[in-house]
Every structure is written in C-alpha cells, then in structure tokens.
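Okay, structure first, notes after.
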Amino acid sequence: MRFHRLVIAILLLLSACQIDGTGMVLAPGWSYHSLGAWKQFMPNKMALSPHGHWLYFGSETSKFSPLASVAALNTKSGHTHVLVQGLRNVNGIRFAPDGSLWVAEGEDQGAIWRMAEPASFPDEQRVNALTHETTHPGFAPFRFAGRFAHSAIAFSADKRFAYLANAVNGGSLYRLDMHARKLAVFHRDKGWVTVIPEDAITSAHNMAADGFASIADIERMPDGTFLLAESGTGQILKLDDQGKKPVIKSWLKHDSLQHPVDLTWDKSRQWWWIANADTGADKGADTSSTLWAWDGHHLYNIVRHPVSRISGVLAAAGTVYVNLQRGPNNPSMTFILKEKRTEPE
C-alpha cells in the first residue's frame, strides 16, 4: 500500500511540472521560446542593447568551446554574430553609461575589455589576451578597472562609479571613480582605499582589505544600493555606498541557494531572478542548476535542469532572457521565459 501511495505521489509531482525535451523542468504556468542553440558557445551573462534588438553575451572556455568569445544575437531573427574571439575567458558583460560595452575576463590578471561602439562593431575580430593586441581599435583593455578575475560589473545610478569584484575565493571588492579614473578597494573599517590598478590584488592583500567568497555578480537595486551574489557562501549581500562609509550586510541566505551566479531585477513583476548552480559548481563538474524568483518573502522554483548550468538571466521590459550552458547531451541555448499566470507557483 505504501509503495502504491509513493508511486501516485511521484506521478502527481511529475504531472504538476513540465519536463521539456531539453531536460528542463519548468514550473506550472511557464513555458519558453528558444532564440538560439549552439554546440560551440558556453554562454554566460548578457546585456541588452538600448533599443532591445541585440542581446550581447560572453562565452566561457570549456571542453566544448576552446576559445572565449563575445557574440551578439538578434532578438528578432535569432541570427548570431561572433564579434570577438581570443579572450581567455568571458564571465561578465555590461553596458556602461557612455554606451560602450564592458566585457569581463574572468582569469587571473584578467582585464575589463571595452568595446567603444558595439552597434557598429564588425564581426570576427580577434585579440591576443596576453599581449593585448587586437584587430580592431574599438576593442581594448580598460586598464583603470584593474587586473584580476573579473566577473561582476555594476554602475551607480549617478554614473559616477563602477563596482567590480575579484571573483576568486578571498577576492576583494573594488570601486572605480569613472571621472577621476581612480580604483579603490573596500575595507570594512577604512572605507574605500585607493590602489594601483595593475597591482590591485597585491595592494588589497597588503592593506588587509576585506575578502569575499567569490562574488559572481553585482546588481543595482531600485533604491541605489547593490546586491552582491557571493557564490562561495550561497548568500546574497547588500552594499550601501550612499553614506559616508560603505556598509555590507547579509541580505538573503536560504538553504536552496548554494552558488548564486547571476541576478536581475524584474521591474514588471517586482521580484528578483536568481540563477543558482546547485551542485558541482565548486569542482568544475557538470552541475544541476535552478532559476529562482524571489518576491521578497519566498523563493519560487521556476526552471531547473538536472545536468546543465543556467549561467545567466536578464529581465528587461517584461521579457526574461536565460542562458543555459551545454551539458553532456544537449547544446547551449538562449531562451525567453513565457508566463501564463500572473504569479509563480
């Protein structure tokens, strides 16, 4: 009798979810529309052009993709252009206040690369990440942003500061004054302390600046504060830099969050999306992953994949874009989430 009850319970659970042919498990009331699928890309974070026609993303290196790259996907046609190849790794991407596109190279002594005019940037350009030689002058390292494992990029509401983090375990948090071109590191007691960009890691260590357990993303909140996804601890921190001295406190800690890797504020729904690597993320192995929605009170499981990594999420104008990295039996994919109901379940 117990066995039959268990079977019935499992069948009811499966019927409540939608298991897709790609292996994704979607919550009731949600579906998706694929924008593109690839075997050679390992897409990470995304940035949407101001008019919404182009979705830019970086591709990490992996056993499937030996070259890191930057690509642009046409949101109408689904056609993808490879803009740059040759980077050692691409872990983050963000539009700067001046309209340039910043690309985060997530390697030891990595750089922030700046694409001056992304809308008119030609296809198939190449760089030498070690010598910083490029085939196009409009794409070059932005040395003021420091040399470390870049991943997270965020800008203050007044466009004065850029916030960056060394994504390694024990790495520091930095703030770049966009006008003065000065880089500073976060110190809990001293506030922001100026460092030399080329020597940012050593300077932070020598002054005993605060270290974090791998900050994978930084997102600005509607009130001007910032959320930091500390992947190594599974928690989300809050940075308030609006007073005389910056303050960082814990904002969200939940048993379901093991390795938050990307965040985005959904203005239309008034909640946060959180891409989380459930297992294996700290060992470089194939990993299950979940896309959560946080409404300020509860976490809702919207999408889960048992073997592939949900590596990026971006909400803009009511549309939710998601990147899924290639797993053992499926290609990488960029898709749009579609909601049939007004609230997650």
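Derivation of every value follows stated rules applied to the coordinates shown; laboratory data play no part. This one's a predicted model, so the numbers in the text were calculated from it and none came from an experiment. Counting neighbours? That spans all protein chains shown, and the Cβs are built from the backbone with ideal geometry, glycine included.
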Simple Cβ-charge dipole of the chain, Lys/Arg +1 and Asp/Glu -1, about Cα centre, in debye nearest 20
320
For labels at Asn206 and Arg143 in the simple 7 Å Cα→Cβ model, what's the distance in nm?
1.8
Can you compute 3J(HN,Hα) from phi for each residue in the stretch 219-233, using the Karplus curve 6.51 cos²θ - 1.76 cosθ + 1.60 with θ = phi - 60°, rounded to whole Hz and x for Gly and Pro?
10, 7, 8, x, 8, x, 7, 10, 9, 10, 7, 8, 4, x, 9
Among Ile196, Gly327, Ser100, flag the residue with its Cα farthest along the positive direction of the charge dipole of the chain, charges on Cβ as +1 for Lys/Arg and -1 for Asp/Glu.
Gly327
Using modelled amide H (1.01 Å from N, peptide plane; none on Pro or chain starts), what sits under 5 Å from the amide H of Gln235, excluding residues fewer than 5 places away?
Glu230
Using only Cα atoms and rounding to the nearest 10 degrees, what angle (0 to 90) does helix 2-16 make with the longest principal axis of the chain?
60
Ordered by fewest other Cβ atoms within 10 Å, a rough proxy for footprinting exposure, Asp98, Asp210 read Asp98, Asp210
Taking the dipole about the Cα centre of the chain, with the C-beta of Lys and Arg at +1 and of Asp and Glu at -1, give me whichever of Gly171, Ala71, Pro246 is farthest to the positive side.
Pro246
Residues whose built amide H sits under 5 Å from the amide H of Trp192, excluding neighbours closer than 5 in sequence, are His187
Residues His136 and Arg220, FRET efficiency given R0 of 30 Å [Cβ-Cβ distance, rounded to 0.05]:
0.50
Here the FRET efficiency for Glu198 versus Lys340, based on Cβ atoms and R0 = 56 Å and rounded to 0.05, is 0.60
Please compute the modelled spin-label separation between His79 and Val307, points set 7 Å along Cα→Cβ, answer in nm with one decimal.
3.4
Furthest towards positive pole of dipole, His187, Gln40, Leu299, structure part the stretch 20-339, Cβ charges
His187
Past 24 Å, Cα to Cα: identify those pairs from Lys45/Lys159; Lys267/Lys338; Lys63/Lys253; Lys253/Lys340; Lys39/Lys267; Lys39/Lys253, in the order given.
Lys63/Lys253; Lys253/Lys340; Lys39/Lys267; Lys39/Lys253
